[in-house]
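These notes are about the structure you will find just below.
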Amino acid sequence: MVSAALFISLIVFLIFNVPVGIAIGLSSLVAIIAGDTLSLGYLPQALVTGTDSFVIMAIPLFILAGDLMGAGGVSKRILNVANLFFGRITGGLAIVTVAVCMFFAAVSGSGPATVAAIGSMVIPTMIENGYSKSFTLALIATAGTIGVIIPPSIPMVIYGVATGTSISSLFMGGFLPGFLIGGALIAYCYFYCKKKGWKGQEDKFSWKKVVVVTWDAKWALVNPLIILGGIYAGIFTPTEAAAVAAVYAFICGVFIYKELNFKKLISTIVNSCSTTGTVMVILGCATAFTKILTLEQVPETVASMLINLTDNRMVLLLLINVLLLLVGCVMDTTPAMMILAPILLPVAISIGLNPVHFGLIMVVNLAIGFITPPLGINLFVAARVGEVPLETVTKGIIPFIIIMIICLAVISNIPQISLFLPNLLAK
């Protein structure tokens with residue numbers, strides 16, 4: 001009865017377009033009233049305890065770091081370097097877009113932040129050079145999903161908190177899946193652009209220009225080395241790395257590149273606070289939601305149901321992936337991860353999946369949700385940055401969704417893609 005009240009009320013609130021965080025909190029309240037296990041005071045308590053964590057501090061700090069890098073000129077210089085090396089290839093600007101998103105992913109941790117920061121620079125240039133709007137915007141929306149796959153990654157932090165999995169291992173596991181997806185997108189861009197006749201830039205290669213542009217971008221290029229190198233060398237934790245990233249982005253924007261003035265800084269901080277507030281409400285309410293799920297033994301029930309449905313490992317893995325893909329279409333990454341990770345992890349373990357590998361499967365699945373309607377937040381961000389209707393973006397997104405699903409199938413069925421580097425680190 002309590003479980004039914006929990007899920008039915010959540011669906012009703014979402015149908016009536018109640019914000020996701022509030023919907024989770026209200027459905028938890030309905031379940032508390034319907035049962036007699038928890039008191040009404042537990043919900044406000046969960047709002048505090050659910051976010052009162054040293055690990056979760058990484059989320060607002062990575063959000064701030066990503067926004068500061070976009071506003072302070074860091075991402076622009078990364079783009080200049082990528083354009084220097086890849087811009088002359090067929091479909092050069094498209095390939096540069098993917099490469100820059102991969103690099104920016106190593107410092108931002110956010111898909112939408114990657115789309116906003118990189119899209120604002122590359123979208124006008126690509127359109128001016130003859131690329132179609134639908135292809136350009138669909139590409140940047142898809143490439144932005146790499147922002148949550150290559151570490152650091154906010155969804156990985158949330159998964160680690162929800163399941164007790166090592167965040168450092170998750171971060172290390174994200175590299176090869178991220179490179180796989182990036183490589184697949186680059187290959188598609190090359191052949192598609194060759195078919196369309198979209199050539200690369202025609203200016204001559206110059207070593208002098210390489211030296212000048214690379215030297216100008218040296219502080220931007222060293223950023224991921226400091227953040228990720230510090231984590232894996234044991235110098236600081238992922239949370240401390242997020243703080244270092246934010247401070248480093250501030251120093252680059254204000255003192256080195258001098259593109260972050262007072263007005264721009266305030267606007268950036270306000271934007272980060274707005275995003276952080278939304279995420280923290282979701283996390284707090286999801287804590288109460290998860291507690292009710294645990295008390296009602298929903299994870300065990302779902303695991304038992306799926307295992308009784310079939311004992312075939314491949315079929316169970318397929319069912320989990322289909323479920324996550326459908327959820328990603330209608331629910332944001334944060335609540336989906338908080339709610340589903342504790343439910344599905346026991347099923348994953350029962351069929352022999354490593355928690356780190358399963359974490360990467362969840363992250364990639366929900367990253368695909370960034371580009372699938374009706375939620376598809378990267379689609380909305382790309383449309384906003386490109387100043388076009390949403391239909392223009394969705395028109396070109398189908399081939400990219402297919403590529404992402406193929407990569408997901410490879411990542412799901414070849415565990416070593418996710419586990420090779422974590423296992424290497426553990427030795």
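Of all residues in segment 357-404, exactly one satisfies the criterion of being under 16 Å from the mean Cα position of the chain (by Cα), open to solvent by 20 Å² or more (accessible area, probe 1.4 Å) and at pLDDT 95 or above, namely ILE401. Just one of the listed residues (VAL410, VAL347) is β-branched (Val, Ile, Thr), surrounded by 21 or more Cβ atoms within 10 Å (Cβ to Cβ) and in a helix (DSSP H, G or I), and it is VAL347.
Can you spot a residue in segment 5-15 that is open to solvent by less than 50 Å² (accessible area, probe 1.4 Å), part of a helix (DSSP H, G or I), in contact with a Lys or Arg (Cβ under 9 Å, 6 or more places away or on another chain) and touching a residue at least 40 places away in the same chain (Cβ under 8 Å)? So far as segment 5-15 goes, no, none of its residues is open to solvent by less than 50 Å² (accessible area, probe 1.4 Å), part of a helix (DSSP H, G or I), in contact with a Lys or Arg (Cβ under 9 Å, 6 or more places away or on another chain) and touching a residue at least 40 places away in the same chain (Cβ under 8 Å).
Would you point out the residue of segment 38-67, among those that are part of a loop (DSSP other than H, G, I, E, B) and free of Cβ contacts under 8 Å to residues at least 40 places away in the same chain, that is least open to solvent (accessible area, probe 1.4 Å)? Before you say what the answer is, go through the steps one by one.
Step one: list which residues in segment 38-67 are part of a loop (DSSP other than H, G, I, E, B), which gives 38-41, 50-57.
Next, from what is left, pick out any that are free of Cβ contacts under 8 Å to residues at least 40 places away in the same chain: 39-41, 52.
Details: SER39: 75, LEU40: 105, GLY41: 42, ASP52: 123 Å².
It comes out as GLY41.
When segment 27-37 is filtered for residues that are closer than 30 Å to THR239 by Cα and open to solvent by 40 Å² or more (accessible area, probe 1.4 Å), nothing remains. Given the criteria open to solvent by 10 Å² or more (accessible area, probe 1.4 Å) and free of Cβ contacts under 8 Å to residues at least 60 places away in the same chain, does THR294 qualify? In short, yes.
Selection of segment 413-422 for residues being assigned to a helix (DSSP H, G or I) and either open to solvent by 70 Å² or more (accessible area, probe 1.4 Å) or among the basic types (Lys, Arg) (or both) yields ASN413, GLN416, PHE420. In segment 225-249, what count of residues is obtained for those that are of a type in the set (Val, Ile, Thr), more than 17 Å from MET172 (Cα to Cα) and open to solvent by less than 20 Å² (accessible area, probe 1.4 Å)? Here the count works out to 0. Residues in segment 250-264 that are open to solvent by less than 70 Å² (accessible area, probe 1.4 Å), touching a residue at least 40 places away in the same chain (Cβ under 8 Å) and not aromatic (Phe, Trp, Tyr): CYS252, GLY253, VAL254, GLU259, LEU260. Within segment 83-110, if we keep just the residues that are of a type outside the set (A, V, I, L, M, F, W, C), in contact with a Phe, Trp or Tyr (Cβ under 8 Å, 6 or more places away or on another chain) and over 30 Å from THR239 (Cα atoms), the residue that is surrounded by the most Cβ atoms within 10 Å (Cβ to Cβ) turns out to be GLY91. For segment 114-131, a residue qualifies if it is in contact (Cβ under 8 Å) with a residue 60 or more places away in the chain, buried (at least 24 other Cβ atoms within 10 Å of the Cβ) and among the small types (Gly, Ala, Ser), and exactly one does: GLY119.
Select from segment 309-327 the residues that are part of a helix (DSSP H, G or I) and either among the charged types (D, E, K, R) or open to solvent by less than 90 Å² (accessible area, probe 1.4 Å) (or both) and list them in ascending order. Let's see the steps before the verdict.
First, pick out the residues of segment 309-327 that are part of a helix (DSSP H, G or I): 309, 313-327.
Of everything in segment 309-327, those that are part of a helix (DSSP H, G or I) and either among the charged types (D, E, K, R) or open to solvent by less than 90 Å² (accessible area, probe 1.4 Å) (or both) turn out to be ARG313, VAL315, LEU316, LEU317, LEU319, ILE320, ASN321, VAL322, LEU323, LEU324, LEU325, VAL327.
For segment 75-97, which residues satisfy the criterion of being β-branched (Val, Ile, Thr) and under 25 Å from the mean Cα position of the chain (by Cα)? ILE78, VAL81, ILE95, VAL96, THR97 - these are the residues of segment 75-97 that are β-branched (Val, Ile, Thr) and under 25 Å from the mean Cα position of the chain (by Cα). Residues considered: VAL393, VAL356, VAL385, VAL381. Of these, the only one that is farther than 30 Å from TYR232 by Cβ and touching a Gly at 6+ places or on another chain (Cβ under 6 Å) is VAL385. For segment 193-218, filtering for residues that are open to solvent by less than 70 Å² (accessible area, probe 1.4 Å) and either more than 21 Å from LEU84 (Cα to Cα) or not in a helix (DSSP H, G or I) (or both) leaves 7.
The values are calculated or read from the model by the stated rules, or taken from the named source; none is laboratory data. Quick caveat, the model's predicted, so the values are computed rather than measured. A quick note on method: Cβ atoms are made from the backbone with ideal geometry, for glycine too, and the neighbour counts reach across all protein chains shown. To get the accessible areas, we keep the full protein, side chains included, count just its heavy atoms, and leave off ligands, DNA and RNA. Shrake-Rupley method; radii C 1.70, N 1.55, O 1.52, S 1.80 Å.
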